[in-house]
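The values are calculated or read from the model by the stated rules, or taken from the named source; none is laboratory data. The structure displayed is predicted, hence computed values, not measured ones. So basically every Cβ, Gly included, is an ideal-geometry build from the backbone, and we count neighbours across all protein chains shown.
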Amino acid sequence: MTHPGFRDAIATGRDWAEAAGACAAALGPCGGPGRLGFLYVTERLAPDLGGILSLLREATGVETWVGGAGTGICGRRREVHGETPAVSAMVADLPPDSYRLLGSLVRGGDMPEPDVLDWVGPVSPVLGIVHGDADNSQLGWIVEDLTDITEGYLVGGLTGGGGPGAAVPTQLAGLPTRGGLSGVLISGHVPVAVAGTQGCVPVGDYHTVTETSRAAIARLDGRRPLDILCEETGAHSREDLRALAGVVHVGLPVGASDVGAFTVRPLMAVDPRTGWIAAGARLEPGDRLCFVRRTQEAAETDMRAMLKRLRARLDGRPPRGGIYVSCHGRGPELFGGRDREMTLIAEELGDFPLTGFFGGGEIRHNQLYTHSGVLTVFR
């Protein structure tokens, strides 16, 4: 399927060769100066990334590919989740010399290659389409460092496959790799637009942590956190609290502002006796948080609003191509229908070449998110 200079395809099969072969046949020969391929596979195919890469290179003539493995993949109006062998790809027609591959950065303080840094200066601000290893505990620092070093804007997500300690590649950056943050940096002269959807909505005001005990939050605004949680959610009994599991989470504001984006962490436990709560993040006195609710209705409303804002920025013109990264906690688990997020994108922005994946977290600007979706489009 084509669109001025961009091609996309998504395919399933009984094994990697059948899925990749069908994807390659749909793309057809499309090599040329500036062509950059994006490739995503379901986790089952992570061990076969090398073979899939070779097949696509030979069939399409496109040499340079980036991407990785996710719990699911997506394409134009379609999602594939679970154990099904599946491949999604998009070939972007970009100006020659408009991008540089980013080799794997494994530790905080790791730097891109000197020739990459030399290239960045004249074309900044750059866009980084990156993929991080979910098992790397330093990934948050690596993302922040790369943003600072390049003065760029990062988008992407966390890949996986094979489990902790496995020597299975989960990413592509020219060649299969794993363990760190890798991808591609794209010149600021290439017109793009980025938009994000949170998928959760606050159920009350922001509060200040005023006391902690080990990993637990002992006081919010000087009060028992559980009392505030019950007031804002309407919970009155243990049964009500149990019903909040997986629905109500903790939102941490990004930056100093109490409005706009927030990162979501799970509400791990509550103690009815002490009124303490535990969140999936280490918080200290002075930190701010709010309680947020994740529902299908809230997620769909927020995603439609995000897409409408993006459509206005595009002046009504369909994108040339796009990459969508979503949380594995979204998809059919949240929306019910298997292809719901892709359908929403098509309904609001029209049909255009699209690829992407579902992973264990999302990257936007210099932050790691969960329960969110990040859409990057080429204008």
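Annotations
- Among the residues listed as Ala134, Ala59, Ala89, the single one being of a type in the set (Gly, Ala, Ser), modelled with pLDDT of 95 or more and either under 23 Å from the mean Cα position of the chain (by Cα) or under 25 Å from Arg330 (Cα atoms) (or both): Ala89
- Strands (runs of 3 or more DSSP E) within region 127-197 that include 1 or more residues farther than 25 Å from Gly34 by Cα: 127-133, 153-159, 192-197
- Listed by first and then second residue, the pairs with beta-carbon distance under 7 Å, at least 6 apart or on different chains, first residue in region 262-289 and within 26 Å of Ile363 (Cα to Cα) and in contact (Cβ under 8 Å) with a residue 60 or more places away in the chain, second assigned to a loop (DSSP other than H, G, I, E, B) and of a type in the set (D, E, K, R), are Arg288/Asp258.
- Ile323 being farther than 23 Å from Leu154 by Cα and not basic (Lys, Arg): no
- So Arg311, is it farther than 30 Å from Ala46 by Cβ and not assigned by TED's automatic domain parsing to the domain that holds His189: no
- Only one entry of Pro225, Pro176 meets the criterion of being buried (at least 17 other Cβ atoms within 10 Å of the Cβ), over 29 Å from Arg107 (Cα atoms) and either of a type in the set (S, T, N, Q) or at pLDDT 95 or above (or both), and that entry is Pro225.
- Index of the failed condition, Pro353 passing every other in (1) in contact with a Lys or Arg (Cβ under 7 Å, 6 or more places away or on another chain); (2) surrounded by fewer than 17 Cβ atoms within 10 Å (Cβ to Cβ); (3) not aromatic (Phe, Trp, Tyr): (2)
- All of Arg242, Arg273, Arg282 fail the test of being modelled with pLDDT under 95, more than 20 Å from His371 (Cα to Cα), in a loop (DSSP other than H, G, I, E, B) and of a type in the set (D, E, K, R), apart from Arg273.
- Residues (charged (D, E, K, R), more than 18 Å from Val184 (Cα to Cα) and touching a Leu at 6+ places or on another chain (Cβ under 6 Å)) located in region 70-109: Arg76
- Scan of region 203-215 for residues that are surrounded by fewer than 19 Cβ atoms within 10 Å (Cβ to Cβ) and assigned to a strand (DSSP E or B), ordered by number: Thr208, Thr210, Glu211, Thr212, Ser213
- Filter pass, Asp110 being modelled with pLDDT of 95 or more and charged (D, E, K, R): no
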